[in-house]
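The values are calculated or read from the model by the stated rules, or taken from the named source; none is laboratory data. None of the values given here were measured: they were computed from a predicted structure. Ideal geometry is used to build each Cβ from the backbone, glycine not excepted, and the neighbour counts take in all protein chains shown.
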Amino acid sequence: MKNLLVILLFLGQFFPLFGQENERLFSDAIRTNFSKFKQQSNKAYKSGDFERGQFLFDSLVQNQLIGSKFNDFTLKRVSDRKLKMSKVKKPIFLVTYAAWCVPGKGEILALNKLAKEFHKEIEFVVIVWGKKQEVKKFSKKISGQIEICYAHKNYKNDNEIVENMKETLGFPTCYLIDSNLQIIDIKRGAASVPLKTPNKKAYEMNYAVFKERISQLTSIQNKKEFLVNQ
């Protein structure tokens with residue numbers, strides 16, 4: 001009886017995550033809700049209401065995307081091998097960038113450091129929007145403990161990936177995905193680092209933001225595993 005109460009408590013606290021598991025794909029959730037979100041957010045940003053724009057993004061994520069199942073995409077690695085999402089048996093920390101955009105100061109350094117610390121328990125994946133040769137140059141700055149993948153609308157089979165991720169939620173975007181491909185959370189960007197921030201401080205700010213997201217991912221993953229094992 002005690003164990004049952006514990007399970008019900010967790011289910012109540014994380015209902016959006018557990019109640020909707022496997023009910024719908026991320027792509028379906030995006031397809032159903034993005035048009036309205038885009039119309040409202042464009043209006044907010046056009047009027048300079050950035051707070052409203054962020055609120056709309058957060059609402060889309062919290063109410064529609066969290067709990068959906070990430071599509072079983074097959075991603076092209078820069079190393080010429082392919083990465084099928086369902087083959088990854090660990091929680092996934094996925095970040096999207098674009099080959100033509102320079103990441104924020106200290107951002108890649110922080111990501112590399114965290115991948116070194118947590119790669120045994122979390123799969124770190126970076127998807128760079130761009131063609132292979134462009135992404136190869138970009139990838140030189142990224143740790144070998146991070147899976148570097150790329151996608152471009154001109155490549156065969158990439159349209160679905162580009163349409164559902166790049167052309168909706170943009171970049172840089174961070175996806176927290178559990179070991180069953182269920183979306184835990186989605187965050188835009190990294191730390192808001194002022195232009196003149198010293199390099200060390202910028203690194204520390206980005207490290208703190210990414211570390212908090214990793215903690216969120218591992219915490220919920222552990223809770224779900226606890227429930228399964230009861």
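Which of the residues spanning segment 7-47 are of a type in the set (A, V, I, L, M) and modelled with pLDDT under 90?
Scanning segment 7-47 gives ILE7, LEU8, LEU9, LEU11, LEU17.
Looking at (1) assigned to a helix (DSSP H, G or I); (2) surrounded by 15 or more Cβ atoms within 10 Å (Cβ to Cβ), which is the one condition that is false for LEU176?
LEU176 satisfies all of (1) assigned to a helix (DSSP H, G or I); (2) surrounded by 15 or more Cβ atoms within 10 Å (Cβ to Cβ) except (1).
Evaluate segment 95-110: report whether one residue or more is modelled with pLDDT of 95 or more and touching a Cys at 6+ places or on another chain (Cβ under 7 Å).
For segment 95-110, residues modelled with pLDDT of 95 or more and touching a Cys at 6+ places or on another chain (Cβ under 7 Å): present.
Working only within segment 88-133, note down all residues that are closer than 13 Å to ARG77 by Cα and in a helix (DSSP H, G or I).
LYS132, GLN133
Determine the pairs where a residue that is among the hydrophobic types (A, V, I, L, M, F, W, C), located within segment 73-102, has a partner that is in a helix (DSSP H, G or I) with Cβ atoms under 6 Å apart, the partner being 6 or more residues away or on another chain.
PHE73/MET85; PHE73/ILE161; VAL78/VAL135; VAL78/LYS136; VAL78/SER139; ALA99/GLU134; ALA99/VAL135; ALA99/PHE138
Spot the failing condition for ILE220; the list is (1) under 30 Å from GLY67 (Cβ atoms); (2) modelled with pLDDT of 95 or more; (3) in contact with a Phe, Trp or Tyr (Cβ under 9 Å, 6 or more places away or on another chain), and only one is missed.
(2)
When the residues of segment 44-75 are narrowed to those that are out of contact with any strand residue (DSSP E or B) (no Cβ under 7 Å at 6 or more places or on another chain) and hydroxyl-bearing (Ser, Thr, Tyr), which ends up nearest to ASP178 (Cα to Cα)?
By that ranking, first place goes to SER59.
May I ask you to verify whether LYS141 is surrounded by fewer than 17 Cβ atoms within 10 Å (Cβ to Cβ), not polar (S, T, N, Q) and not in a helix (DSSP H, G or I)?
Yes.
I'm trying to understand the selection: among the residues of segment 95-109, which are surrounded by fewer than 21 Cβ atoms within 10 Å (Cβ to Cβ) and among the small types (Gly, Ala, Ser)?
Of everything in segment 95-109, those that are surrounded by fewer than 21 Cβ atoms within 10 Å (Cβ to Cβ) and among the small types (Gly, Ala, Ser) turn out to be ALA98, ALA99, GLY104.
So how many residues does segment 46-57 have that are surrounded by 14 or more Cβ atoms within 10 Å (Cβ to Cβ) and in a helix (DSSP H, G or I)?
6
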